[in-house]
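The values are calculated or read from the model by the stated rules, or taken from the named source; none is laboratory data. This structure is a prediction, so every number in the text was calculated from the model and none was measured. Please note: Cβ atoms are built from the backbone with ideal geometry, for glycine as well, and neighbour counts cover all protein chains shown.
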Amino acid sequence: MPTSWKDWEARARAVARTLVALGVQKGDRVAVFGNTCEAWVVADLGILMAGATTVPVYPSLVGEQAAYIVRDSGAKVLFAEDDSLVARIREADAKLVAGLTRTILFGELPAPDAAKESAGTVDERIAAAREGDLATLVYTSGTTGPPKGVMLTHGNLLADADGLAKIVPMTVDDEQLLFLPLAHIFGKMLVVSSIRIGYSTAFAETMLKALDNAAEVRPTFMGAVPRVFEKVYAVANEKAASAGGMKQRLFTWATEVGKRKQGGWGGFWADRLVLSKIRARFGGRIKFLISAGAPLAKELADWFDGAGIPVLEAYGLTETSGASTFNPLGRQQYGTVGPALPGVEVKIAGDGEVLVRGPTVMKGYWGHDEATREVIDADGWFHTGDIGEIDGEGYLRITDRKKDIIVTAGGKNVAPQNIENLMKQSSWVSQAMVYGDKRPYLVALVTLNVETVTRFAREKGIDGEPGTLVEHVEVRAEVQRAVDEVNARLSSFETVKRFVILERDFTIEGGELTPTLKVKRKVVSDRYGKLLEDLYAAQA
């Protein structure tokens, strides 16, 4: 059942009035713990209308991690999707939950006529809101230490939304399918932009069901992290491989025709028989996809573009309110993250680090003044920690994270993400992590694509879970082939000399992935340290 903007406002005002009645003051923090859904947004808007600050909590966090954010932010009220999430925090810190003014479940959001006695106060707080007021505290993923709360003001969010509106062709007639976590700045900004521009939002049931929902909703655009694009690509290629014979050859031929933008009868039949079916998986109305959160392999973007689905890659961090650069539709350059948004400055420091300055840069880290001074210099430049380069047309290319750069024993600098992205284009590889700092050569940890291994086992009549096949001679040969193909495209010092296939994939729940599906290198390196050492010991 569609919800109108007027209905959203009425429900959000009821939340705001309830918070005021509970004693929430201007500037107080209120946490929201749950999956992406309409209730999440209603709670968020109500918090802002009450003059308070929204503190999003990833639904994938374990109890202590969620409790840390609620505790560190000093949140007074907690909105939670259901009792299980509240219990998760309570098990970690019962006193914390008991000390909250109130816990409100998504299914118990106040009705539009709730707490009307507070209406005047809510009107006053809305009227008194200023761009410099704190809108949200978005906590970092904590890959290099305890998570820090990034202080983003109303002005920060509006500046980013207005910049996007000037470069991204989104109008009131568009509709997005949203499944990104609203605890991540990417998802948050797609909601802020919808309010600023007026396009509609459909909420996916879950990330896993997003493609099925796309076929039903028929959105005109949607945002996703690269891992989602990698999975779509892998599944499509796996289905073609499973079909085999003529169907597989037809699929390969058609996607190559699409990438070459070939016209005539070849282009017509490639589109009719294959490419149109890829678009249909997204509902058939899709104008473009937005990719952010991690680097997207150029080859992957080319594949989608060849199918008639342009992928607009953006770049930014939580500390810059999301996008700082964006590839413009029709002028997108795959392999780059586009030029700076209007009003935002981007430059490269002497050591190659990407610096950003402008109205989208955060106010600072909550309770961490020294950490703020470490990343924002006296001239207002935010030091991103990413390494990149800007071409003659102003398009930024990100080469790697500054802290992730591998320096081999021979003194060569290697950007591991590029190698990993190439490896993940194989239908056999789900995840890859390259390792080799201060080592004579590079090695890698590899996880298997479940769909591909399952098909292989079925064809070979092999019983057992995918994890039991990691040492199977043919499985290892396929992964070796994928590694060899990547190595052939790299300089000798960048090549992966040895690898080990893990019995299970990296997961958020297992602690190896961030909520946006990026590999936590330190966690993985520590967890599989002996396996990595064995890869070198075997060559000693």
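A few comments on the model shown:
- When the range 457-483 is filtered for residues that are surrounded by 12 or more Cβ atoms within 10 Å (Cβ to Cβ) and hydrophobic (A, V, I, L, M, F, W, C), the ones remaining, listed by number, are A457, I462, L469, V470, V475, V479, A482, V483.
- Subset of the range 381-423 [modelled with pLDDT under 90 and within 24 Å of F326 (Cβ to Cβ)]: T399, D400, R401, K402, D404, A415, Q417, N418, N421
- Segments classed as helices (runs of 4 or more DSSP H), wholly inside the range 148-224, with at least 2 members that are surrounded by fewer than 23 Cβ atoms within 10 Å (Cβ to Cβ) and of a type in the set (D, E): 210-217
- Restricting E503, E478 to residues that are closer than 24 Å to V228 by Cα and outside any loop (DSSP other than H, G, I, E, B) narrows the list to E478.
- Residue within the range 340-356 that is touching an Asp or Glu at 6+ places or on another chain (Cβ under 6 Å), outside any strand (DSSP E or B), surrounded by 16 or more Cβ atoms within 10 Å (Cβ to Cβ) and touching a residue at least 40 places away in the same chain (Cβ under 8 Å) present: no
- Sole exception among (1) of a type outside the set (S, T, N, Q); (2) modelled with pLDDT under 95; (3) under 25 Å from the mean Cα position of the chain (by Cα) for M1, by number: (3)
- Test: residue in the range 250-258 that is closer than 23 Å to P328 by Cβ, surrounded by 15 or more Cβ atoms within 10 Å (Cβ to Cβ) and of a type in the set (S, T, Y): no
- Of everything in the range 172-181 that is at pLDDT below 95 and in contact with a Phe, Trp or Tyr (Cβ under 7 Å, 6 or more places away or on another chain), the residue that is farthest from L61 (Cα to Cα) is L180.
Every residue, every condition in (1) at pLDDT 90 or above; (2) over 29 Å from D174 (Cβ atoms); (3) among the acidic types (D, E), yes or no:
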site	(1), (2), (3)
S200	yes, no, no
E205	yes, no, yes
G223	yes, no, no
N237	no, yes, no
T252	yes, yes, no
G267	yes, no, no
D271	yes, no, yes
K277	yes, no, no
G283	yes, no, no
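- Residue that is nearest to the chain's Cα centre (by Cα), among those in the range 109-120 that are of a type outside the set (G, A, S) and surrounded by 11 or more Cβ atoms within 10 Å (Cβ to Cβ): L109
- Filtering the range 396-433 to residues that are part of a helix (DSSP H, G or I), charged (D, E, K, R) and buried (at least 21 other Cβ atoms within 10 Å of the Cβ) leaves only E420.
- So D123, is it surrounded by fewer than 20 Cβ atoms within 10 Å (Cβ to Cβ) and over 23 Å from I185 (Cα atoms): yes
- Qualifying residue in the range 357-366 (condition: surrounded by 14 or more Cβ atoms within 10 Å (Cβ to Cβ), in contact with a helix residue (DSSP H, G or I) (Cβ under 9 Å, 6 or more places away or on another chain) and among the basic types (K, R)): yes
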